[in-house]
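Heads up, the thing below is written out as structure tokens.
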């Protein structure tokens, strides 16, 4: 298939998805990571702005008035944010709660993933979700490993956000050898913070 043009949240789920088993790494905190990916995408496009609150309440997110958000998934999140400014933790939960199934359905509908079902002993049925875009997935994984293993700078804010979100899921061990330095695994967090905070003019 042609190189897919995916949202950050779609790329994130592709990296977390095990093609063979259909399981997703970091399930326990997945809604936070997926919600963060959507909010970060809106922030990078200038559709939302953030401001720091107190040390206990973190970031407050508000919508930029009359922003044109064409993608349905992003527009749904934007409309939620536009209702009223909210703290980031509240939004991560509200936006991310049902994104797992929504994003998987999008990837299946667009042909980026395909569903394969197998039956064992004529009783047990298992499904897996192999990718139809192996080159795209391999390129993402190579970029992630370059940052985490080699200390390379992310090529852009989008890449920095993707690496940071992977860090937030607690799944980094599956993307790099065990000898990765701790300082490198923590470093990507700054990328997400900068993307969400934006430049001073956006606050």
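For this structure, a couple of remarks:
- Each peptide in 112-124, 153-165 gets a packing score, the mean of other Cβ atoms within 10 Å over its residues, and the list from highest to lowest is 153-165, 112-124.
- Per-residue packing, averaged as other Cβ atoms within 10 Å, sorts the ranges 10-20, 86-96, 58-68 into the order 10-20, 86-96, 58-68, beginning with the highest.
Read the figures in this text as sums done on the coordinates, not as results from a lab. Remember, predicted model here, so these are calculated numbers, not experimental data. Neighbour counts are summed over all protein chains in view; Cβ atoms, including those assigned to glycine, are modelled from backbone coordinates with ideal geometry.
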